[in-house]
Structures are given as C-alpha cells and as structure tokens.
Amino acid sequence: MLNKNKAIVISKIRYRDNDLIATCFTRQKGLVSYLIRGALKATKGNSKAVYFQLLSQLQIEESFKANQSLQYIKEVKIDYIYRSIHTNVFKSSIAMFLAEILATVLKEEEQNLELYEYLEVTFKWLDYQEEFSNFHLLFLLNLTQYLGFYPENTNSDAPYFNLSNGLFETQKSNVYSVSGENLILLKRLLGINFDELKTIKISSKQRQSFLTMLLLYFELHLGSFKKPKSLQVFNQVFN
C-alpha cells in the first residue's frame with residue numbers, strides 16, 4: 001500500500017548499473033532501505049540521485065510491504081533544503097562522518113519519534129551555524145540518550161568517569177576511568193544545548209582526544225560498533 005512518510009538519508013550504495021539502495025531513518029517506521037530504480041541513469045532531466053545525499057531530509061510516498069527487505073519509493077521531494085551542509089567542505093565532512101556512525105548504530109525497524117526529531121532538528125541547526133567545530137561532539141554525546149547509555153549525571157563532581165559503566169566515580173577503578181581535560185569537557189557538555197556550544201573553546205588536539213574517548217564509549221556499549229572509516233579524513237579536515 002502507498003504511504004506518506006518523512007525520511008533522513010543515512011547511507012547509499014550503487015546497485016547494479018543504474019539503481020541505488022538508500023537506507024533512511026524514517027519518521028514512521030525507523031530504519032528502512034529503499035531501492036530506487038534508475039537513480040543513476042544518465043538521461044536528460046533525471047535527478048533522482050540528487051535527493052539521496054547523506055542526511056538529506058525528504059518527504060516520500062512509499063510502497064511499503066512488511067515482508068520485504070527493500071521497499072520502493074513512488075514519489076520523493078525535499079522536506080528541508082540545506083543551505084550549506086552539502087556545499088561547505090567542513091559541514092559535508094561532518095555529514096559524512098556522522099552518517100557513517102548512524103549507519104552503524106541505528107538498528108531499529110520501528111518508529112522512534114524522539115530520535116527522528118532529534119536528527120531532524122540538530123541537522124537543521126548545523127545547517128544554519130557559522131560556528132560548529134564542536135557540533136559532532138555534543139551530537140554524539142546526546143545520541144547516547146537514544147541508544148541507552150547516556151552518562152549517569154549523579155555524583156558528577158567526582159574526579160573520574162568510567163566509560164565501561166557510564167558512571168562518575170570517586171576512585172579510578174579500571175583502565176576505562178578517565179580524568180583530566182576529557183573529564184572537564186564531558187562535564188561541560190552534559191546538559192547544555194547546541195546554542196551554548198559557542199562558549200566552549202578547545203584546541204583541535206583536545207577535540208580529537210575527546211572524540212577518540214567518545215568513540216571508545218560507543219564501542220564499549222555497542223558490541224557491533226566499529227570506528228568510522230572516515231575518521232582519519234575527518235580529523236585531517238578539522239586539524
């Protein structure tokens with residue numbers, strides 16, 4: 001049956017000669033993969049592939065069958081037109097990096113309105129900002145709320161944070177207990193909104209160190225998580 005839905009593009013791969021498989025996080029059904037026939041066909045006026053850039057926000061009319069691994073899109077249009085995410089080299093690097101992480105961590109094939117709205121709103125925020133060098137840090141930290149391992153904020157005055165259990169500690173209990181600059185930055189980021197990010201000034205070295213810690217935090221709590229292949233390029237862009 002035909003159904004109207006909203007979708008955010010998470011990944012895409014070429015299929016056969018001219019087709020595209022796009023995996024999207026949708027408002028109604030969570031993670032869904034679509035086969036877009038002829039998307040890459042070089043015919044005059046054909047622009048289907050343009051819709052499926054990473055993190056694009058779409059309105060779709062889909063033909064959805066629950067027993068199929070690949071669904072079909074009958075009509076598609078842009079729900080929100082990005083001003084800069086796909087044209088600014090720094091923002092497009094963020095988009096590629098975060099899309100790769102989302103492709104790894106999003107597994108739900110069911111509706112999650114809170115998570116969809118979080119992605120929708122934060123990517124729009126990124127699109128409008130001129131200061132965004134710390135965006136990915138807060139984005140990933142907040143993402144853990146929807147994945148079930150947001151840091152426990154009780155005892156947040158403690159001198160250590162344990163990555164393996166997500167708790168603040170008064171004593172170092174194992175190799176995953178962190179302190180120092182990463183702990184200070186973690187405490188600053190907990191509970192703030194994206195508009196407050198501009199008050200946080202850190203060096204590129206500190207930014208990379210905190211990101212490395214965050215990715216380890218994801219690895220410890222998500223057995224299937226792998227460090228993004230785009231990490232090295234991403235760090236080079238923001239160095």
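Quick notes
- N182, sole failed condition from (1) touching an Asp or Glu at 6+ places or on another chain (Cβ under 8 Å); (2) surrounded by 14 or more Cβ atoms within 10 Å (Cβ to Cβ): (1)
- Qualifying residue in segment 130-140 (condition: under 18 Å from H221 (Cβ atoms), surrounded by 15 or more Cβ atoms within 10 Å (Cβ to Cβ) and touching an Asp or Glu at 6+ places or on another chain (Cβ under 8 Å)): no
- For segment 8-39, the set of residues classified as in a strand (DSSP E or B) and touching an Asp or Glu at 6+ places or on another chain (Cβ under 8 Å) consists of I8, S11, G30, L31, V32, Y34, L35, I36, listed by residue number.
- Sub-7 Å Cβ pairs linking a first residue in segment 217-239 that is of a type in the set (G, A, S) to a second residue that is open to solvent by 40 Å² or more (accessible area, probe 1.4 Å), at least 6 apart or interchain, are S230/M96; S230/E100, ordered by first then second residue.
- Each residue in segment 146-179 was checked for being open to solvent by 60 Å² or more (accessible area, probe 1.4 Å), of a type in the set (G, A, S) and farther than 17 Å from L215 by Cα, and 1 of them qualify.
- Only listed residue being open to solvent by 10 Å² or more (accessible area, probe 1.4 Å) and over 30 Å from H221 (Cβ atoms), chosen from S93, S63, S69: S63
- Restricting segment 185-196 to residues that are of a type outside the set (S, T, N, Q) and open to solvent by 10 Å² or more (accessible area, probe 1.4 Å), the residue that is nearest to the chain's Cα centre (by Cα): F194
- When residues of segment 106-123 are limited to those that are free of Cβ contacts under 8 Å to residues at least 60 places away in the same chain and over 23 Å from K226 (Cα atoms), the one surrounded by the fewest Cβ atoms within 10 Å (Cβ to Cβ): E114
- Candidate set: segment 208-239, residues that are closer than 17 Å to Q145 by Cβ and assigned to a loop (DSSP other than H, G, I, E, B); chosen: the one least open to solvent (accessible area, probe 1.4 Å): F225
The values are calculated or read from the model by the stated rules, or taken from the named source; none is laboratory data. All values reported here derive from a predicted model rather than from experimental measurement. Cβ atoms come from the backbone with ideal geometry, glycine included; neighbour counts cover every protein chain shown. Remember, those area values only see protein heavy atoms, side chains included, never the ligands or the DNA or RNA. Shrake-Rupley method; radii C 1.70, N 1.55, O 1.52, S 1.80 Å.
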